[in-house]
């Protein structure tokens, strides 16, 4: 597996930014890890960080490189600040950067598959929210999407919104940023596979249950892991990202 730190200029954000990228590599002499790659461009997972983190955090806090190596999948981890993956009212257009500019840049910089059946998105906390928002708003782009301890119901959470006043300007998020409203508007048959995991001790647990209840009401199938213990911490996310990678419909 190749680990790439990529610094680049974003025309959308009008600032230099960065992403961390893992790329499959076939290896034979590497001790303790055998790389897996093929002649075809590899499938790709967009893996999103949480509110207090950046593009380096998944590689610093988990063994995502080792897990991805075993699956032969590329992983793209972009920087998004505290944006909630939205076009901020008082800040940068992070939604436009994530969904339009970033995939085009990834395709131009790296040899990865662009087929929807080979493309996945996942994230934790704020990143879990961003992953499901992307999948619900643009379902044709992905085969699967996953949220780990996601902030899945931001509308009633005034305390959460006060942490990011630049995003919605102190207002309640509109329907394009409200995951429950996006579920109401979705065609269940057109959605990618969805996965939601959250530990019972997590402060975002109730919001996850509200999201899952709305999904059930709308007939949206979701693979769930919300029965077991777990809080908002990296030991839980390191374990669950392995579950996500095992669940993804990766084909080679």
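Read-outs: derived from the displayed coordinates by stated rules, not from any lab. Values in this document were obtained by computation on a predicted structure and should not be read as measured data. Glycine gets a Cβ as well: all are built from the backbone with ideal geometry, and neighbour counts include every protein chain shown.
Per-structure values
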item	result
Test: residue in the range 169-177 that is over 25 Å from residue 241 (Cβ atoms) and crowded, with 23+ Cβ neighbours inside 10 Å	no
Residue count for the range 113-133, restricted to those that are part of a loop (DSSP other than H, G, I, E, B) and surrounded by fewer than 22 Cβ atoms within 10 Å (Cβ to Cβ)	3
Qualifying residue in the range 134-143 (condition: assigned to a loop (DSSP other than H, G, I, E, B), in contact with a strand residue (DSSP E or B) (Cβ under 7 Å, 6 or more places away or on another chain) and free of Cβ contacts under 8 Å to residues at least 60 places away in the same chain)	yes
Enumeration of residues in the range 28-44 that are more than 14 Å from residue 65 (Cα to Cα) and touching a strand residue (DSSP E or B) at 6+ places or on another chain (Cβ under 8 Å)	42, 43
Per-region count, the range 144-155, residues surrounded by 24 or more Cβ atoms within 10 Å (Cβ to Cβ) and in contact with a strand residue (DSSP E or B) (Cβ under 6 Å, 6 or more places away or on another chain)	5
Residues located in the range 158-175, provided they are in contact with a helix residue (DSSP H, G or I) (Cβ under 7 Å, 6 or more places away or on another chain) and touching a residue at least 24 places away in the same chain (Cβ under 8 Å)	168
Residues of the range 198-225 satisfying the condition of being touching a strand residue (DSSP E or B) at 6+ places or on another chain (Cβ under 8 Å), part of a loop (DSSP other than H, G, I, E, B) and surrounded by 14 or more Cβ atoms within 10 Å (Cβ to Cβ)	198, 220, 222
Strands (runs of 3 or more DSSP E) completely within the range 1-110 that count 2 or more residues being surrounded by 20 or more Cβ atoms within 10 Å (Cβ to Cβ)	15-23, 44-48, 74-78
Checklist (1) in contact with a strand residue (DSSP E or B) (Cβ under 9 Å, 6 or more places away or on another chain); (2) more than 21 Å from residue 140 (Cα to Cα); (3) in contact (Cβ under 8 Å) with a residue 40 or more places away in the chain applied to residue 195, failing item	(2)
Given (1) within 18 Å of residue 126 (Cα to Cα); (2) crowded, with 19+ Cβ neighbours inside 10 Å; (3) touching a helix residue (DSSP H, G or I) at 6+ places or on another chain (Cβ under 9 Å), number of the condition residue 240 does not satisfy	(3)
Residues of the range 226-237 that turn out to be surrounded by 13 or more Cβ atoms within 10 Å (Cβ to Cβ) and assigned to a helix (DSSP H, G or I), as a count	3
